[in-house]
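Scroll down for the structure; my scribbles are underneath it.
Bear in mind these aren't lab numbers, they're just calculated from the coordinates by the rules spelled out. Keep in mind that what you see is a predicted model, and the values were worked out from it rather than measured. For neighbour counting, all protein chains shown are included, and Cβ atoms are generated from backbone atoms with ideal geometry for every residue, glycine included.
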Amino acid sequence: MYRVAVSGINAVDNPGPGVGIAKGLKESSLNVSVYGLAYDAMEPGIYMKWLFEKSFVMPYPSAGEEPFIERLLYIKSNYGLDAVIPALDAELPLFIKSSSLLESYGVKTFLPTEEQFKLRGKDHLPKIAERIGVKVPETRIVTSYEELSKALEELGFPVMVKGIFYEAYKAFNISQATSYFNSIVSKWGYPVIVQQVISGEEMNLVGVGDGEGGHLGFLAIKKLWITSLGKTWTAVTVRNDKLFSLAESFVSNVKWRGAFELECMVSGSDVYLIEINPRFPAWVYFAAGVGVNLPERLLKAALDLDVERDWNYPAGKLYIRFTDDLITDISEFQQVVTTGES
Amino acid sequence: MGNRLSRIALNDEGFIFDPETGNSYTVNKTGLFILRLLKEGKSEKEIVKSLTETFNVDEREAERDLIDFVEQLRLYGLLEGKNV
């Protein structure tokens, strides 16, 4: 029995990847008990007992490394913990920094290096694109109104205005762009990314890099229906050689280790790289569902077990997300609030 | 051949799925008929002939409809080469 903690169990309108990861792990060939790592007692994953045997409320990563690691070691010593699969952008720097420390306590991870993590940042996209030989939308990194207006002058409208970690808006004029800029700065700080809008087919690819230039499998999709927040609701598997060679070039050039998602725009015969996410996307269960169980493979890699690498999935498989509800007792919630665990 | 027709999936009801882009389309009976012949690599002349033999149309009308349809396919990126 392997005990694995998974974060991002906020299965809400902007869902974290945790529930999808847990579903993949539960369907794997390994005997896995999954723990949920939550930041709020209301995160739905806590109450999904069929996926998460136990859940723990974590201190925010911004509170520092020490309380965070202490909490993980508390879980380790009281309930056992063999590996952690972090799934939220904001906690990754901490996990990456602490991976050797965690390893020394017997808690395995399978994460990119700090350098790799920084390289995929939205502000480094043009640099990494040059390295892997792919097109990116014209991008400007702005930290002031002056730079914003200069970027808008150069790029024209419409234009994408993005936070360094989260949020992206399409602006059609200066006042919209300024308002998005202000809102993003107040929430996420500087810098803000201003990017040319590329029209075409939006396609995404999930994969796990092996850290040596190879990978443990890819799955590419086209989003068919998205929510007002831009989150995937229905999607279909595709097999697109240009997208695959982009992903292969990414893992081999960067020697990426761990989960990643490439967000791309395919316009005719051109593929543009829009974003690289350093973790599984919320739709990662799609991969497991078509026979490329990437959460399982990542866990096996973390545990130094033999890993499958085949990824010959069929095109034309459909992914449908749906909402669900469950009823439980207030005592469940009470326990999480008072003890920090379920 | 340089087009996507060779790889698209086509069912009897006229549902087309492009595995490379994830796009899907529907065509009517005539469209399906033409697509199947295009997939087989038939020439414009051969397709026009088949159309006049199968449907109640003269050669000119069949030719005009075929050109229209092929233009639509190009517009959707389903046909890139100049096979017709």
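I need the full set of residues from segment A:297-330 which are part of a loop (DSSP other than H, G, I, E, B) and within 19 Å of the chain's Cα centre (by Cα), in order please.
A:Arg321
If I go through segment B:11-20 residue by residue, how many of them are surrounded by fewer than 17 Cβ atoms within 10 Å (Cβ to Cβ) and within 14 Å of chain A (Cβ to nearest Cβ)?
Residues that pass the stated criteria total 2.
Tell me the residue from B:Val48, B:Val57 that is over 13 Å from the mean Cα position of the chain (by Cα), over 30 Å from A:Lys317 (Cα atoms) and more than 14 Å from chain A (Cβ to nearest Cβ), please.
B:Val57
Tell me which strands (runs of 3 or more DSSP E) are completely within segment A:1-93 and hold 2 or more residues being surrounded by fewer than 23 Cβ atoms within 10 Å (Cβ to Cβ), or say none if there are none.
Correct list: A:2-7, A:32-38, A:54-57.
Would a scan of segment A:236-243 turn up a residue that is of a type outside the set (Ser, Thr, Tyr), more than 11 Å from chain B (Cβ to nearest Cβ), touching a residue at least 24 places away in the same chain (Cβ under 8 Å) and at negative phi?
No: zero hits.
Please specify each residue of segment A:279-296 satisfying the condition of being outside any helix (DSSP H, G or I) and away from chain B (no Cβ under 14 Å).
Those that are outside any helix (DSSP H, G or I) and away from chain B (no Cβ under 14 Å): A:Arg279, A:Phe280, A:Pro281, A:Ala282, A:Val284, A:Gly291, A:Val292, A:Asn293.
Answer with yes or no whether A:Asn277 is buried (at least 20 other Cβ atoms within 10 Å of the Cβ) and not hydrophobic (A, V, I, L, M, F, W, C).
no
Output the number of the condition that A:Leu219 fails; it satisfies all remaining conditions of (1) within 21 Å of A:Arg131 (Cα to Cα); (2) within 14 Å of chain B (Cβ to nearest Cβ).
Every condition holds for A:Leu219 apart from (1).
For B:Asn23, work out the one condition from (1) within 14 Å of chain A (Cβ to nearest Cβ); (2) of a type in the set (S, T, N, Q); (3) under 13 Å from the mean Cα position of the chain (by Cα) it doesn't fulfil.
(3)
With respect to A:Val254, determine if the residue is under 24 Å from A:Lys127 (Cα atoms) and in contact with a Cys (Cβ under 8 Å, 6 or more places away or on another chain).
no
Report, by residue number, each residue of segment A:248-266 that is among the small types (Gly, Ala, Ser) and either within 14 Å of chain B (Cβ to nearest Cβ) or buried (at least 23 other Cβ atoms within 10 Å of the Cβ) (or both).
Across segment A:248-266, the qualifying residues are A:Gly258, A:Ala259.
From the set of residues in segment B:26-43 that are part of a helix (DSSP H, G or I) and surrounded by fewer than 16 Cβ atoms within 10 Å (Cβ to Cβ), which is nearest to the other protein chains (Cβ to nearest Cβ)?
The selected residue is B:Lys39.
Filter segment A:267-278 down to the residues that are more than 18 Å from the chain's Cα centre (by Cα) and in a loop (DSSP other than H, G, I, E, B), then identify the one that is nearest to the other protein chains (Cβ to nearest Cβ).
A:Gly268
Output the number of residues of segment A:238-282 satisfying the condition of being aliphatic (A, V, I, L, M) and in contact with a Ser or Thr (Cβ under 8 Å, 6 or more places away or on another chain).
Residues flagged as aliphatic (A, V, I, L, M) and in contact with a Ser or Thr (Cβ under 8 Å, 6 or more places away or on another chain) within segment A:238-282 amount to 4.
Looking at B:Arg4, is it charged (D, E, K, R), part of a loop (DSSP other than H, G, I, E, B) and either surrounded by fewer than 16 Cβ atoms within 10 Å (Cβ to Cβ) or touching a residue at least 60 places away in the same chain (Cβ under 8 Å) (or both)?
Considered against the rule, which asks whether it is charged (D, E, K, R), part of a loop (DSSP other than H, G, I, E, B) and either surrounded by fewer than 16 Cβ atoms within 10 Å (Cβ to Cβ) or touching a residue at least 60 places away in the same chain (Cβ under 8 Å) (or both), B:Arg4 comes out as yes.
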